[in-house]
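Worksheet: one structure, shown below.
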Amino acid sequence: VLSHNLCTVLNVPHDPVALEEHFRDDDEGPVSNQGYMPYLNKFILEKVQGNFDKVEFNRMCWTLCAKKNLSKSPLLISDEDAFKVWVIFNFLSEDKYPLIIVPEEIEYLLKKITEAMGAGWQQEQFDHYKIALDTSREGLSAWELIDLIGSGQFSKGMDRQTVSMAINEVFNELILDVLKQGYMLKKGHKRKNWMERWFVLKPNIISYYVSEDLKDKKGDIILDGNCCVEALPDKDGKKCLFLIKCLDKTFEISASDKKKKQEWIQAIQSTVSLLRAGSPPPHKEARQKRKELRQKLLAEQEELERQMKELQAANENKQKELETVRKQLEAAAARAAEEEKKRLQTQVELQDRFSLELEREKMVRQKMEEQVAQKSSELEQYLQRVRELEEMYKQLQEALEDEKQARQDEETVRKLQARLLEEETAKRAELEKWHLQQQQTIQMTEAEKQELENQRMIKEQALQVAMQQLKQLELERKEALEQYEEVKKKLETAANNTKSWKDKVAHHEGLIRLIEPGSKNPHLITNWGPAAFTEAELEERQRSWKGKKATSE
């Protein structure tokens with residue numbers, strides 16, 4: 001029955017066989033949306049040509065859904081007015097399911113109805129109502145819109161007839177595309193008499209009827225871009241005349257007054273201009289502009305929300321990064337504090353250790369000085385020769401303040417010592433050689449010994465000065481050997497506090513030979529007692545002399 005009625009209203013031929021074939025294997029039944037919607041799209045809606053009565057189609061749809069959804073509470077509008085509000089809702093609603101009408105379109109519709117009633121628009125009242133709407137909803141459904149208009153909230157002080165007329169006027173404009181309507185006089189083409197007619201102006205036609213009930217239609221004036229309208233002067237007792245020129249006919253019309261005449265001329269001229277430009281009717285164009293504006297605002301709002309989300313995400317990332325950096329800084333600060341604590345502790349320990357070592361060194365040095373002072377009386381004769389070394393030691397302490405000068409002095413003393421050492425070594429070697437020759441000569445013959453002795457004495461005269469120094473040193477060394485061993489160790493400990501004390505002393509080793517602990521290696525024995533050098537040291541010095549001699553040659 002539904003399919004047959006839809007086909008009848010939409011002027012589409014009904015095919016019962018196709019209906020039966022479509023639902024033959026449908027287990028859910030033909031009443032399911034999944035089963036019926038494909039059939040509706042394929043066999044009915046795709047065949048619609050557009051030559052059907054839209055009001056009758058809307059009335060059929062209204063019949064299907066009104067009884068179930070229309071509020072049972074009493075309304076200030078009739079069922080016919082509710083039907084017209086429902087059709088207007090379908091025109092102004094958004095193009096998505098479920099259908100709703102947004103607050104901007106509600107305001108537009110209520111303004112139109114209020115203007116049609118001749119009342120003033122209460123913007124503040126609508127703003128309060130808009131604020132009171134549930135923020136989680138985007139708009140109203142058709143039945144909520146009918147309840148809103150039927151409640152009389154925005155039509156207080158108006159009777160039911162005025163509200164009904166206003167709804168009918170808005171319905172004619174928005175749904176039936178009626179741009180203007182009213183009674184005027186029209187001059188006949190054949191009898192040339194003037195008859196009162198009800199004129200209805202639409203986007204491409206002007207229809208005229210016997211009365212406003214639109215039951216007896218008398219004719220149409222087809223409008224196109226070539227039509228024009230002109231004002232005419234009064235004649236034959238008729239006033240407020242204007243002329244509508246079309247391609248095949250010309251129509252003379254008389255309005256009731258000058259205001260109506262001007263309104264009709266402007267309305268017809270605007271309609272013709274729209275036809276020339278190919279533009280839709282004003283209310284449809286305005287609706288499209290409002291929709292585009294809402295879409296633009298929605299897109300801007302979505303873009304703004306997207307940017308806000310991006311900024312929020314970036315801010316959260318920055319906060320996380322800052323939190324991570326803060327934690328890292330705190331950890332680094334904790335580590336630095338711990339390291340600083342350990343460093344200070346280590347520094348304190350080192351200072352304590354150095355203080356102990358310094359105290360120990362002071363005590364050792366004090367004891368050593370006491371021992372040296374105690375032994376100084378016993379070594380008075382030897383220390384007479386050592387005063388030069390003490391003087392040099394004092395000079396070395398002063399030289400520590402000026403390192404460069406000390407190094408130069410060190411180099412000078414080192415060269416002097418090396419030269420004296422070489423001379424002493426050469427003398428010793430020569431004396432040893434002569435001594436060996438003397439021993440060999442003594443063994444051979446006594447006469448030869450005497451001759452060799454004479455020769456040795458002659459040779460020793462050349463080295464008398466050196467021999468006297470060596471004999472004196474040997475005698476002193478033998479006398480102070482046991483006493484000097486302990487003193488020598490303490491002097492070496494004191495000498496280690498300078499950089500090159502031992503080297504400086506070595507410069508004068510040829511003149512004054514310090515008494516040191518003897519080597520563990522066997523000593524050479526000369527005629528005057530133990531030699532100052534071991535055999536290994538003598539061989540090392542001989543190699544050094546030969547190398548220097550070869551270099552000089």
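The values are calculated or read from the model by the stated rules, or taken from the named source; none is laboratory data. Everything quoted here is computed from the prediction, not taken from an experiment. FYI the Cβ positions are ideal-geometry reconstructions off the backbone, even for glycines, and counts take in every protein chain you see. Surface accessibility is based on the protein's heavy atoms, side chains included, excluding ligands, DNA and RNA. Shrake-Rupley method; radii C 1.70, N 1.55, O 1.52, S 1.80 Å.
Values for this structure:
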| item | result |
| --- | --- |
| Accessible carbon and sulfur surface of the chain relative to its total accessible area, %, 1.4 Å | 51 percent |
| Pairs of alpha carbons in region 180-279 whose separation is greater than 17 Å (percent) | 48 percent |
| Helix axis angle, 464-495 relative to the chain longest principal axis, alpha carbon, degrees | 40 degrees |
| Set of region 287-331 residues, backbone N closer than 20 Å to the point 7 Å along the Cα-Cβ line of Ala337 | 323-331 |
| Per residue accessible area in Å² of region 50-114, where ligands, DNA and RNA are left out and the probe is 1.4 Å | 53 Å² |
| Sequence-distant lysines (8 or more away, or on other chains) whose Cα lies within less than 28 Å of Lys341 | Lys327 |
| Selected from Phe126, Val55, Leu109, residue furthest toward positive end of dipole (region 53-157; charges at beta carbon) | Val55 |
| Rounded to 10°, Cα long-axis angle of helix 54-69 versus longest principal axis of the chain | 70 degrees |
| Pairwise centroid distance, computed over Cα atoms, of region 287-360 with region 137-212, Å | 69 Å |
| Two-site label geometry, Gln371 and Ala18: point separation in nm, points 7 Å out along Cα→Cβ | 13.1 nm |
| Inter-label distance, nm, simple model (7 Å from Cα along the C-beta direction), Leu2/Arg306 | 3.9 nm |
| MRE, 222 nm, helices only [DSSP H, n ≥ 4, -39500 (n - 2.57), over the chain, to nearest 500] | -22500 deg cm²/dmol |
| Average projected area [Cα convex hull, region 253-314], square nanometres | 6.4 nm² |
| Across Lys478/Lys549; Lys190/Lys259; Lys186/Lys258; Lys47/Lys180, pairs whose alpha-carbon gap is larger than 22 Å | Lys478/Lys549; Lys190/Lys259; Lys47/Lys180 |
| Nearest 10 degrees, 0 to 90: helix 446-462 Cα axis against the chain principal axis | 50 degrees |
| Cβ-derived FRET efficiency at R0 51 Å, Ala299 paired with Arg191, nearest 0.05 | 0.25 |
| Lys/Arg +1, Asp/Glu -1 at C-beta; the chain dipole; positive extreme among Ile149, Ile268, Gln301 | Ile268 |
| Segment Glu94-Lys415, length gained on full extension (0.36 nm per residue, minus Cα span) | 104.3 nm |
| Coarse-grained scattering of region 53-157 at q = 0.14, 0.18, 0.21 Å⁻¹, given as base-10 log I(q)/I(0) from a Debye sum over alpha-carbon atoms | -0.56, -0.94, -1.26 |
| Virtual spin-label span in nm between His435 and Gln468, 7 Å along Cα→Cβ | 2.0 nm |
| Partner aspartates and glutamates for Lys217 [C-alpha distance under 16 Å; skip if fewer than 8 residues away on the same chain] | Glu196 |
| Cβ charges +1 (Lys, Arg) and -1 (Asp, Glu), total dipole of region 393-441, debye | 280 debye |
| Relative contact order %, the chain, counting alpha carbon pairs below 8 Å whose residues are six or more apart | 7 percent |
| Calculated SAXS-style log₁₀ I(q)/I(0) at q = 0.06 Å⁻¹ - the chain, Debye, Cα scatterers | -0.58 |
| Eligible lysines near Lys367 by straight Cα distance, threshold 24 Å, same-chain separation 8 or greater | Lys375, Lys394, Lys488, Lys489, Lys490, Lys499, Lys502 |
